Amino acid sequence: MKKLLLVIATLVVMPAAIAHDFDAGSIYIDHPMVEEAPPGARVLGGYVSLHNQGAEDDRLVAIESTAAEKVEMHRSVVTDGIARMTPLTEGIELPAGEMVWLGSDGIHAMFIGPDKRYVAGDEIPATLVFEKAGRIDVTFKVEERATTRAPGHGDHAQ
Amino acid sequence: MKSLRVLRIVLWALVLVVGAGAAYLFLSARNAPVDAGPAVYATPFTLIDQDGNEVTEADFLGKPSAWFYGFTHCPDVCPTTLSEMSALLEALGPDADRLQAVFVSIDPERDDVATMKDYVEYFDDRIVGLTGSLENVSAMAKARYIFFEKVPLEGGDYTMEHSASVHLADAGGSFFGTLDGEEPFDTRLQKLRRLIE
Ligand SMILES: [Cu+2]
């Protein structure tokens, strides 16, 4: 919730010139970002919000990046005290008119095997592949990890 | 009519008994972490810390400790828990000296000593990182009722399922309770304060 408010606040406050968004026709892609990971970490969590402004349902079927061996879509959950991560092999559904946020409910893009260490301020090129909207090139911004919030770990208030 | 009254009395008596039982269970559950349980954290183990030194259970007794079991190929739950652990140590201020925070890799096949060093020190150099042979990590996890399991991913990769909470132990190695990522930061901070006071 806090992060959602932050997203809204950012949208309101941020001048258009430095806003970080991509328009893919019917899909509005806002603020793709990756959290800075420790040195040597072989995985990076990527987050982005996707607003399907079209009249038809769509689906994010893949994420590609030349900066990592592969990018998978996953969902992390904690059930009965056990942390689990399941691949979203069907991609992520984007119902018409709705906003889907990778970052809530543990949903994340997992960059596996990055080609180098990425730190806050770096940018990671990627392509979002939609079933209907096609291939859209975006840039994931690497940002510092905020200490007491839980990215991709539910949108509960802290 | 009379039997109905008897029934009513019996039912009220039942309510009282159940209520008293619930209160007892509630109170004893609340007090449970204070009573020293079996000292599972004193069970022998041998692992390697992030500086390559061999360590045993003895190195972590005599001081309360907070343990998290995770792995470095983890995009969210593990880094979040470690950065929150760092924030908790920060919030404890000088009292943080009275607590030992430990991150144990349950994926020792990929998490070697150098990886662990980079990883824990990125979050907080007060957190000790432990790895070792899979056999030794498994033995420790079993003794402490910690769950972990390898789960294959597509393309020969794998991920780990693991106990998500931070487990607390007192200076004598008795289990003291857990910190849950879903509970408010202040609740976790208070639990740590109770552990070290
Ligand atoms: Cu993942």
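Just so it is clear, none of the values below were taken in a lab; they were calculated from the coordinates. Keep in mind that this is a model prediction, so the values were computed, not measured. Note that we place each Cβ from the backbone using ideal geometry, even for glycine, and neighbour counts take in every protein chain shown.
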Inter-site label distance for B:Val151 and A:Glu69 at 7 Å from Cα along Cβ, in nm
2.0
Note on segment B:40-196: alpha-carbon gyration tensor, axes a ≥ b ≥ c; rule is a/c under 1.5 for rounded, else prolate if a/b larger than b/c, else oblate; result prolate
Using DSSP to define loop residues, name the chymotrypsin sites (Phe, Trp or Tyr not before Pro) in segment B:116-175 whose beta-carbon has at most 15 other beta-carbon atoms within 10 Å.
B:Tyr145
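Fewest Cβ neighbours within 10 Å first, please rank A:Trp101, B:Trp67 accordingly.
Values: A:Trp101 18, B:Trp67 23.
Lowest to highest Cβ neighbour count: A:Trp101, B:Trp67.
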Please go through segment A:23-76 and write out the GluC sites (Glu not before Pro) that DSSP classes as loop and that have at most 16 other C-beta atoms within 10 Å.
A:Glu56
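Could you put B:Leu189, A:Leu102 in order, starting from the residue whose Cβ has the fewest other Cβ atoms within 10 Å?
B:Leu189, A:Leu102
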For segment A:20-145, give the magnitude of the charge dipole about the Cα centre (Cβ charges: +1 Lys/Arg, -1 Asp/Glu; no others), in debye to the nearest 20.
440
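If the only charges are +1 at each Lys and Arg Cβ and -1 at each Asp and Glu Cβ, what is the size of the charge dipole of segment B:40-196 around the Cα centre, to the nearest 20 debye?
Numbers: 12 positive and 28 negative charges, 132 e Å.
With only Lys, Arg, Asp and Glu charged at Cβ, the dipole is about 640 debye.
I'd like the GluC sites (Glu not before Pro) in segment B:82-159 restricted to DSSP loop residues with at most 15 other Cβ atoms within 10 Å, sorted by number.
Values: sites: B:Glu84, B:Glu90, B:Glu109, B:Glu121, B:Glu135, B:Glu149, B:Glu154; in loops: B:Glu109.
Filter output for segment B:82-159: B:Glu109.
Rounded, prolate or oblate: pick one for segment A:20-145, where a ≥ b ≥ c are the square roots of the eigenvalues of its C-alpha gyration tensor, a/c under 1.5 means rounded, and failing that, prolate if a/b is larger than b/c, else oblate.
Details: a/c = 1.85, a/b = 1.27, b/c = 1.46.
Because a/c hits 1.5 or more and a/b fails to exceed b/c, segment A:20-145 counts as oblate.
Is the shape of segment B:105-163 rounded, prolate or oblate, going by the alpha carbon gyration tensor and its root eigenvalues a ≥ b ≥ c, with a/c under 1.5 for rounded and a/b larger than b/c for prolate? Mind showing how you got there, number by number?
Details: a/c = 1.94, a/b = 1.24, b/c = 1.57.
Taking the square roots of the gyration eigenvalues as a ≥ b ≥ c, segment B:105-163 is oblate.
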Counting Lys and Arg as +1 and Asp and Glu as -1, what is the net charge of the other residues whose Cβ lies under 10 Å from the Cβ of B:Glu149?
+1
Dipole of segment A:20-145 [Lys/Arg +1, Asp/Glu -1 at C-beta], most positive-end residue of A:His74, A:Ala55, A:Gly134:
A:His74
